[in-house]
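What follows is a set of notes on a single structure, which appears directly below.
The values are calculated or read from the model by the stated rules, or taken from the named source; none is laboratory data. What you are looking at is a predicted structure, and each value in this text was computed from that prediction instead of being measured. Neighbour counts run over all protein chains shown; Cβ positions are idealised from the backbone, glycine included. Heavy atoms of the whole protein, side chains included, go into the accessibility calculation; ligands, DNA and RNA do not. Shrake-Rupley method; radii C 1.70, N 1.55, O 1.52, S 1.80 Å.
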Amino acid sequence: MNDEPVHESDLAASWRVELQSLLHDVEAAEVVEPTAMQLATADADGRPSVRTVLRKGLDDRGVVFFTNLDSRKGRELAANPRAALVLPYVTLHRQVCVVGDVEQVTRAETVAYATSRPRGSQVSAWASRQSQPVADRATLEAQWAELDGRFGSEGPVPVPDFWGGFRVLPISVEFWWGRRDRLHDRFRYRRADGVPGSADDGGWVLERLNP
Ligand SMILES: Cc1cc2nc3c(=O)[nH]c(=O)nc-3n(C[C@H](O)[C@H](O)[C@H](O)COP(=O)(O)O)c2cc1C
């Protein structure tokens with residue numbers, strides 16, 4: 001554990017720059033699955049659910065991941081377009097927590113990412129009715145093989161219209177540093193008006209939180 005105290009003056013002017021600096025350290029540390037993050041959603045009754053997804057984009061507006069739109073998370077986000085993320089770097093004694101609204105990315109962004117994936121993964125996107133019960137592994141593999149043949153084995157795979165990306169548009173981004181005696185450092189970038197906006201538009205308040 002690096003036990004250097006963190007001061008407000010050490011933090012970047014925007015959460016995005018602060019996060020990119022941390023991700024640079026994460027990359028250097030050769031963390032396992034460095035883009036993995038936990039995504040929490042809630043259904044229309046407010047019942048939460050959480051799972052791991054991969055971070056596939058980061059810009060001034062937010063953090064992007066891709067999934068099946070008919071999955072549990074996809075349906076929950078359609079009914080309640082709000083989410084929270086944890087970017088967990090526990091081996092570095094670091095954590096980032098994001099709370100925000102959610103929007104779907106454009107079809108062009110989805111197609112650009114989907115077609116960059118290995119062909120087998122693209123076929124799997126069609127073969128899996130994500131989050132629905134399936135009788136057995138053999139059924140899943142038969143569906144995959146049937147679709148693989150239908151798309152011509154080596155040929156291009158169309159992007160399913162039930163597949164897409166979401167961008168989490170933060171209203172708060174909290175950075176955590178583990179410190180001795182569990183007297184940790186926490187700083188939060190928070191939207192002053194509670195409405196998502198660009199990381200660089202001056203609408204953010206930076207505040208230290210009790211550990
Ligand atoms: C390391 C890791 C990365 C994952 N990445 C994704 C992802 O990017 N998109 C996705 O839909 N599921 C991903 N999954 C699977 C999800 O955690 C989850 O099982 C699946 O999306 C169904 O979630 P749901 O039923 O809550 O919608 C990943 C799982 C792990 C462990």
Total residues in the range 123-147, condition among the aliphatic types (A, V, I, L, M) and more than 16 Å from Pro158 (Cβ to Cβ):
6
Single residue of Gly152, Gly120 found to be open to solvent by 20 Å² or more (accessible area, probe 1.4 Å) and at pLDDT below 95:
Gly152
Within the range 196-211, can you find the residues that are touching a residue at least 60 places away in the same chain (Cβ under 8 Å) and of a type in the set (A, V, I, L, M)?
Ala199, Leu206
So, Arg107, is that one under 30 Å from Arg190 (Cα atoms), among the basic types (Lys, Arg) and loosely packed, with under 15 Cβ neighbours inside 10 Å or not?
yes
Pairs needed: first member in the range 70-94, touching a residue at least 40 places away in the same chain (Cβ under 8 Å); second member anywhere, acidic (Asp, Glu); C-beta distance under 7 Å; at least 6 residues apart or different chains.
Arg82/Asp101; Leu92/Asp25
Pick from the range 36-52, criterion touching a helix residue (DSSP H, G or I) at 6+ places or on another chain (Cβ under 9 Å) and among the polar types (S, T, N, Q), ranking: nearest to the ligand (Cβ to nearest atom):
Ser49
Go through the range 71-91 and count every residue that is within 9 Å of the ligand (Cβ to nearest atom) and open to solvent by 10 Å² or more (accessible area, probe 1.4 Å).
4
Could you tell me which residue of the range 178-203 is nearest to His93 (Cα to Cα), considering only residues that are assigned to a strand (DSSP E or B) and open to solvent by less than 40 Å² (accessible area, probe 1.4 Å)?
Asp185
Do you know which residues across the range 99-133 are among the aliphatic types (A, V, I, L, M) and in contact with a Gly (Cβ under 8 Å, 6 or more places away or on another chain)?
Val105
Does Gln130 satisfy being in the same structural domain as Phe187 (by TED's automatic domain parsing), within 14 Å of the ligand (Cβ to nearest atom) and in contact with a Ser or Thr (Cβ under 7 Å, 6 or more places away or on another chain)?
no
Picking from Arg55, Arg94, Arg61, the residue that is within 9 Å of the ligand (Cβ to nearest atom), in contact with a strand residue (DSSP E or B) (Cβ under 9 Å, 6 or more places away or on another chain) and among the basic types (Lys, Arg) would be Arg55
Could you run through the range 1-34 and say how many residues are open to solvent by 40 Å² or more (accessible area, probe 1.4 Å), part of a loop (DSSP other than H, G, I, E, B) and out of contact with any helix residue (DSSP H, G or I) (no Cβ under 8 Å at 6 or more places or on another chain)?
8
Val173 versus (1) part of a strand (DSSP E or B); (2) of a type in the set (A, V, I, L, M); (3) open to solvent by 70 Å² or more (accessible area, probe 1.4 Å): which is the lone unmet condition?
(3)
